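The values are calculated or read from the model by the stated rules, or taken from the named source; none is laboratory data. Because the structure is a prediction, the values reported are computed rather than measured. Neighbour counts are summed over all protein chains in view; Cβ atoms, including those assigned to glycine, are modelled from backbone coordinates with ideal geometry. Areas reflect the complete protein model, heavy atoms only, side chains present, ligands, DNA and RNA absent. Shrake-Rupley method; radii C 1.70, N 1.55, O 1.52, S 1.80 Å.
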Amino acid sequence: MYNVLALSFGEIFLKGKNRGSFEQKLAEQIKFALKDFKNIRVFKDQGKIFVETQRKEDMDDIIEKVKKVFGIVLISPSIKIEKDVETIKENVKELFEYITSKKEIKTFKIHTKRSDKSFPIKSMDFSAMIGGEILKNFDNIKVDVHNPDLEIYIDIKSKCYISSEKIKTVGGLPIGTNGKALLLLSGGIDSPVAGYMIAKRGVEVDALYFHTYPFTSERANEKVKKLAELIGEYCGKIKLYSINILEIHKAIKENCKEEETTILARRFMMRIAEKIAKENDIDMLITGESLGQVASQTMKSMAVIENAIDIPILKPLVGLDKTEIIEISRNIGTYETSILPYDDCCSVFAPKHPLTKPKIERIKKSEENLNIEELVNKAYFTMEII
Amino acid sequence: MEIYLDNSSTTKVRPEVLEGMIEIYEKDYGNPSSLHSKGLEIEKKINTARMSVAKIINAKANEIYFTGGGTESNNIAIFGHLYNINEKHNIITTKIEHPSVYNIYKHFEEKINVKYVDTDKTGKINLNELEKLVDENTVLVSFILVNNEFGTIQDLNEITKVVKNKNSRTKIHVDAIQAYGKIEIDIRKYPVDTMAFSSHKIHGPKGVGGLYISSDCKINSIIFGGNQENGIRPGTENTPGIVGFGVACDLINEDFNKYTEKFYSLKKLYCDKLTKEIDDIKINSQLDNNGAPHILSVSFKDIKGEILVHYLENVGIYVSTGSACSSKAKNNYRILEAINLDKDYLGGTIRISLGYFNTYDEVEYVIENIKKSVHEIRDIIKL
């Protein structure tokens with residue numbers, strides 16, 4: 001039935017000087033999300049963005065993809081036609097028939113919006129005229145302007161767009177309108193959700209994955225790659241850095257107390273992440289930490305870990321319960337992959353009794369036994385970009 | 001360098017096998033059920049393959065049914081035997097079965113009495129206990145002839161005798177997937193009713209298996225369709241697969257003794273060198289004729305088998321932890337626990353399994369790398 005999607009944004013973001021770049025980023029994201037479809041056109045018509053397909057049978061799949069693009073508030077599947085009165089009449093009738101064949105409609109209302117003032121009939125008059133046409137052609141149907149079963153929208157721009165349905169999307173801001181951050185992505189449930197939440201605010205996300213191959217499996221890499229792809233459906237293509245920190249774990253095991261392992265290793269991860277961020281013009285890090293979830297996520301542990309670096313760490317899940325995180329994870333489609341049973345590097349080197357209340361002085365003292373710069377650099381050179 | 005020592009998981013096809021298969025894809029691509037000559041040509045080739053497959057266990061060609069693989073053969077046989085069971089019946093198997101039998105028995109636990117016979121420290125079935133377990137209501141005894149994780153060979157003669165003496169109506173199914181083509185089996189000598197085997201474990205193609213059904217035994221069909229394979233496994237035959245399977249069997253039939261002798265001596269070589277070069281190891285496999293020629297299971301103290309597998313893949317050596325079918329399930333040591341392996345060693349087990357392409361030249365490189373890797377892993381884990 002439909003051949004275009006009309007997209008609506010939260011009004012507030014449409015104002016001001018940023019509108020142009022906002023729309024451009026959004027158009028880029030939409031094109032990326034629809035890269036697998038043929039004969040797609042993304043175009044603007046008098047201030048609104050539209051997605052057009054020549055293959056109507058693809059429309060349902062296209063809607064599923066566009067729903068995931070941040071920065072859109074509503075999608076209206078529409079019929080794009082010439083703004084000729086007879087053509088509009090015919091198409092509204094057709095749409096009306098299509099909808100009434102699927103569900104029972106007793107009352108309706110026509111809305112007309114005339115952005116193109118050269119169109120000879122005023123909006124109110126045109127709505128009345130089309131409404132009259134419907135009443136003439138269909139039985140047992142009434143107009144109800146207050147609480148109709150069906151509303152049909154006629155939007156007259158350089159072309160005419162007819163629609164009735166409005167589909168809610170994930171919202172947010174278009175990726176790339178709000179800087180760039182580096183997500184510490186493990187194979188677990190939390191970090192993909194954290195990446196999703198920050199990306200939703202318009203942030204471009206790169207991801208960083210730490211492993212200890214051959215102490216971990218290549219399948220664990222594949223799992224993280226898959227997770228990056230899954231959140232990529234929302235965030236656009238994600239650049240995934242992978243770093244081997246086996247040497248760091250060895251050095252910690254050789255020179256420091258077992259109970260400090262997790263804190264020390266996390267501090268190294270932050271340092272490596274910071275290094276990558278600085279070299280790639282990335283402003284902040286993102287982690288999936290949630291307060292109190294594990295030993296390294298107590299208030300004191302988080303403070304000591306964060307102390308290792310200068311750039312800020314965003315922790316969008318910090319106040320969420322596990323069940324809440326799982327719910328988002330299911331909604332965005334990462335949960336099933338996250339729970340696959342491959343060891344990530346945390347489990348092999350995890351201490352039996354990790355510190356929950358580390359003191360910064362003591363941790364710094366332990367680190368005196370390690371050549372931090374050399375270890376960070378060594379790890380840095382294991383980098384692979386996927 | 002690529003040294004593949006995971007032949008109990010699957011094998012690389014031999015070039016002759018591939019050649020035979022290509023010919024079917026390119027020339028004899030007809031359907032054996034077709035009435036025209038293209039159908040007849042391929043029907044003849046399938047019958048030739050059936051003879052080759054039968055010969056390995058000295059069966060008659062008409063006792064061999066082609067299936068979609070070993071797991072399917074086990075399912076067709078066991079479900080076929082148990083088609084008419086009721087709540088007074090019972091069935092018996094061991095605790096060291098492959099999942100393709102073990103999980104069928106688990107499935108039947110809801111319906112009937114399922115008994116698991118114990119095995120000794122080497123993995124051999126306790127015959128006294130078996131004799132006690134078989135009673136007038138025992139419908140089926142199923143056991144694995146060569147265990148897939150450590151290679152212990154069951155005594156076909158004794159087991160079948162014990163079962164049939166106690167109840168001559170009890171059916172016997174043998175999972176011979178790791179045994180077929182690796183140890184001598186003369187099916188005429190034993191009252192076995194059904195036996196399952198697979199092509200891809202002996203350098204044949206994947207996706208094709210065999211099921212022996214003794215001419216004295218009848219099983220019910222569990223898959224319905226056309227009348228292919230006498231209705232036991234309906235569906236258009238996997239003709240290239242079946243022909244490839246036949247070629248793989250011919251190659252073994254040509255030179256069976258030379259083939260297995262090489263495995264035995266390679267296995268012994270690996271075992272001797274490992275024991276000599278590395279401390280704190282346990283050999284889980286039997287080295288005499290109680291163990292299969294191609295499977296060597298070794299456990300190292302203070303090691304995780306999976307880590308060793310990754311260390312070795314890094315230098316082009318491919319081995320397995322336990323068995324591939326269960327190794328992706330975490331901490332699944334069901335079978336190793338059944339042979340009472342020491343807890344300190346349990347997680348540190350790898351399986352070296354040999355195939356046609358393995359050579360004596362590889363041994364030194366493999367041993368050297370296992371030794372190096374084990375030391376490194378121990379150093380890191382122990383620290």
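Which one of the conditions (1) surrounded by fewer than 18 Cβ atoms within 10 Å (Cβ to Cβ); (2) part of a helix (DSSP H, G or I) does A:Lys352 fail to meet, given that it meets all the rest?
Against the list (1) surrounded by fewer than 18 Cβ atoms within 10 Å (Cβ to Cβ); (2) part of a helix (DSSP H, G or I), A:Lys352 comes up short only on (2).
Does B:Arg188 qualify as being assigned to a helix (DSSP H, G or I) and either within 11 Å of the chain's Cα centre (by Cα) or over 24 Å from B:Ala338 (Cα atoms) (or both)? Can you show your working first?
On the way: assigned to a helix (DSSP H, G or I): yes; either within 11 Å of the chain's Cα centre (by Cα) or over 24 Å from B:Ala338 (Cα atoms) (or both): yes.
For B:Arg188, the condition - assigned to a helix (DSSP H, G or I) and either within 11 Å of the chain's Cα centre (by Cα) or over 24 Å from B:Ala338 (Cα atoms) (or both) - is met.
Just checking, how many residues over segment A:29-46 are open to solvent by 30 Å² or more (accessible area, probe 1.4 Å) and part of a loop (DSSP other than H, G, I, E, B)?
6
Taking segment B:81-100, which residues are modelled with pLDDT of 95 or more, buried (at least 19 other Cβ atoms within 10 Å of the Cβ) and not polar (S, T, N, Q)?
Listed by number, the residues that qualify are B:His81, B:Leu82, B:Ile91, B:Ile92.
So which of A:Ile326, A:Ile332, A:Ile282 ends up being touching a helix residue (DSSP H, G or I) at 6+ places or on another chain (Cβ under 6 Å), away from every other protein chain (no Cβ under 14 Å) and of a type in the set (A, V, I, L, M, F, W, C)? Show your work before the answer.
Details: A:Ile326 fails: touching a helix residue (DSSP H, G or I) at 6+ places or on another chain (Cβ under 6 Å); A:Ile282 fails: touching a helix residue (DSSP H, G or I) at 6+ places or on another chain (Cβ under 6 Å).
Only one candidate passes the filter, namely A:Ile332.
Is one or more of the residues making up segment B:236-244 more than 14 Å from chain A (Cβ to nearest Cβ) and surrounded by fewer than 18 Cβ atoms within 10 Å (Cβ to Cβ)?
Our first condition is that a residue be more than 14 Å from chain A (Cβ to nearest Cβ); within segment B:236-244, this holds for B:236-244.
Of the ones still in play, those that are also surrounded by fewer than 18 Cβ atoms within 10 Å (Cβ to Cβ) are B:236.
The answer is yes, given that some residue of segment B:236-244 is more than 14 Å from chain A (Cβ to nearest Cβ) and surrounded by fewer than 18 Cβ atoms within 10 Å (Cβ to Cβ).
Which of the residues belonging to segment A:240-252 are crowded, with 18+ Cβ neighbours inside 10 Å and either within 14 Å of another protein chain (Cβ to nearest Cβ) or under 19 Å from the mean Cα position of the chain (by Cα) (or both)?
So in segment A:240-252, the residues crowded, with 18+ Cβ neighbours inside 10 Å come out as A:240-246, A:248-252.
Hits for segment A:240-252 are A:Leu240, A:Asn244, A:Ile245, A:Leu246, A:Ile248, A:His249, A:Lys250, A:Ala251, A:Ile252.
Could you check how many residues of segment A:100-137 are closer than 17 Å to A:Ser158 by Cβ and not in a helix (DSSP H, G or I)? Quick ask: steps written out before the conclusion?
Going residue by residue through segment A:100-137, those that are closer than 17 Å to A:Ser158 by Cβ are A:112-121, A:123, A:126.
Remaining after also requiring not in a helix (DSSP H, G or I): A:112-121.
Matching residues across segment A:100-137 total 10.
Residues being polar (S, T, N, Q), more than 20 Å from the chain's Cα centre (by Cα) and open to solvent by less than 30 Å² (accessible area, probe 1.4 Å): count how many of those fall in segment B:295-325. Break it down stepwise before answering.
Applying the first criterion (polar (S, T, N, Q)) to segment B:295-325 yields B:297, B:299, B:314, B:320-321, B:323.
Among the residues that remain, those that are also more than 20 Å from the chain's Cα centre (by Cα) are: B:299, B:314.
Okay, now just the ones that are also open to solvent by less than 30 Å² (accessible area, probe 1.4 Å), so B:299.
So the answer is 1.
Every residue in segment A:192-208 that is open to solvent by less than 10 Å² (accessible area, probe 1.4 Å) and touching a strand residue (DSSP E or B) at 6+ places or on another chain (Cβ under 6 Å), please.
Restricting attention to segment A:192-208, the residues satisfying the condition of being open to solvent by less than 10 Å² (accessible area, probe 1.4 Å) are A:192-195, A:199, A:202, A:205-208.
Of everything in segment A:192-208, those that are open to solvent by less than 10 Å² (accessible area, probe 1.4 Å) and touching a strand residue (DSSP E or B) at 6+ places or on another chain (Cβ under 6 Å) turn out to be A:Ala194, A:Gly195, A:Ala199, A:Gly202, A:Val205, A:Asp206, A:Ala207, A:Leu208.
Of all residues in segment B:15-45, which are open to solvent by 20 Å² or more (accessible area, probe 1.4 Å) and closer than 30 Å to B:Ala292 by Cα?
Of everything in segment B:15-45, those that are open to solvent by 20 Å² or more (accessible area, probe 1.4 Å) and closer than 30 Å to B:Ala292 by Cα turn out to be B:Pro15, B:Glu16, B:Leu18, B:Glu19, B:Met21.
I need a count of the residues in segment B:134-155 that are over 24 Å from B:Ile76 (Cβ atoms) and more than 25 Å from the chain's Cα centre (by Cα).
Number satisfying all stated conditions: 2.
Of the residues in segment A:272-293, how many are free of Cβ contacts under 8 Å to residues at least 60 places away in the same chain and surrounded by fewer than 16 Cβ atoms within 10 Å (Cβ to Cβ)?
Qualifying residue count for the region: 4.
All but one of (1) open to solvent by 20 Å² or more (accessible area, probe 1.4 Å); (2) touching a Phe, Trp or Tyr at 6+ places or on another chain (Cβ under 8 Å); (3) modelled with pLDDT of 95 or more hold for B:Asn230; which doesn't?
It is condition (3) that B:Asn230 fails.
Any chance segment B:171-188 includes a residue that's over 19 Å from B:Asn148 (Cα atoms) and either modelled with pLDDT under 95 or surrounded by 24 or more Cβ atoms within 10 Å (Cβ to Cβ) (or both)?
Of the residues in segment B:171-188, the ones over 19 Å from B:Asn148 (Cα atoms) are B:171-172, B:186-188.
Right, trim to either modelled with pLDDT under 95 or surrounded by 24 or more Cβ atoms within 10 Å (Cβ to Cβ) (or both) and you get B:171.
Scanning segment B:171-188, I find at least one residue that is over 19 Å from B:Asn148 (Cα atoms) and either modelled with pLDDT under 95 or surrounded by 24 or more Cβ atoms within 10 Å (Cβ to Cβ) (or both), so the answer is yes.
Considering (1) surrounded by fewer than 20 Cβ atoms within 10 Å (Cβ to Cβ); (2) more than 14 Å from chain B (Cβ to nearest Cβ); (3) of a type in the set (Lys, Arg), say which one A:Arg219 fails and leave the rest.
Just one mismatch for A:Arg219, condition (2).
Could you please find all residues in segment B:348-383 being within 14 Å of chain A (Cβ to nearest Cβ), surrounded by fewer than 17 Cβ atoms within 10 Å (Cβ to Cβ) and of a type in the set (Val, Ile, Thr)?
B:Ile381
Would you confirm whether any residue within segment B:133-148 is open to solvent by 10 Å² or more (accessible area, probe 1.4 Å) and more than 24 Å from B:Asn84 (Cα to Cα)?
Going residue by residue through segment B:133-148, those that are open to solvent by 10 Å² or more (accessible area, probe 1.4 Å) are B:133, B:135-137, B:139.
Subsequent filtering for residues that are more than 24 Å from B:Asn84 (Cα to Cα) retains none.
No - not one qualifying residue is present in segment B:133-148.
Take A:Ser158 and decide whether it is farther than 30 Å from A:Lys250 by Cβ, more than 25 Å from the chain's Cα centre (by Cα), surrounded by fewer than 19 Cβ atoms within 10 Å (Cβ to Cβ) and more than 14 Å from chain B (Cβ to nearest Cβ). I'd like the intermediate steps shown before the answer.
Numbers: farther than 30 Å from A:Lys250 by Cβ: yes; more than 25 Å from the chain's Cα centre (by Cα): yes; surrounded by fewer than 19 Cβ atoms within 10 Å (Cβ to Cβ): yes; more than 14 Å from chain B (Cβ to nearest Cβ): yes.
Here the answer is yes, as A:Ser158 does meet what is asked.
Conditions (1) open to solvent by 50 Å² or more (accessible area, probe 1.4 Å); (2) under 32 Å from the mean Cα position of the chain (by Cα); (3) under 30 Å from A:Asn331 (Cα atoms), marked per residue:
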{"site": "A:Gln54", "(1), (2), (3)": "yes, yes, no"}
{"site": "A:Ile62", "(1), (2), (3)": "no, yes, yes"}
{"site": "A:Glu97", "(1), (2), (3)": "yes, no, no"}
{"site": "A:Gly131", "(1), (2), (3)": "no, no, no"}
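I'd like the full set of residues that are part of a helix (DSSP H, G or I), open to solvent by 10 Å² or more (accessible area, probe 1.4 Å) and not hydroxyl-bearing (Ser, Thr, Tyr), limited to segment B:272-294.
Pass one, segment B:272-294, residues part of a helix (DSSP H, G or I): B:272-277.
If we keep only those that are open to solvent by 10 Å² or more (accessible area, probe 1.4 Å) as well, we get B:272-273, B:275-277.
Correct list: B:Asp272, B:Lys273, B:Lys276, B:Glu277.
Residue check, B:Ala77 against (1) touching a residue at least 24 places away in the same chain (Cβ under 8 Å); (2) surrounded by fewer than 19 Cβ atoms within 10 Å (Cβ to Cβ); (3) within 19 Å of the chain's Cα centre (by Cα), all met but one. Which one?
The single condition B:Ala77 does not satisfy is (2).
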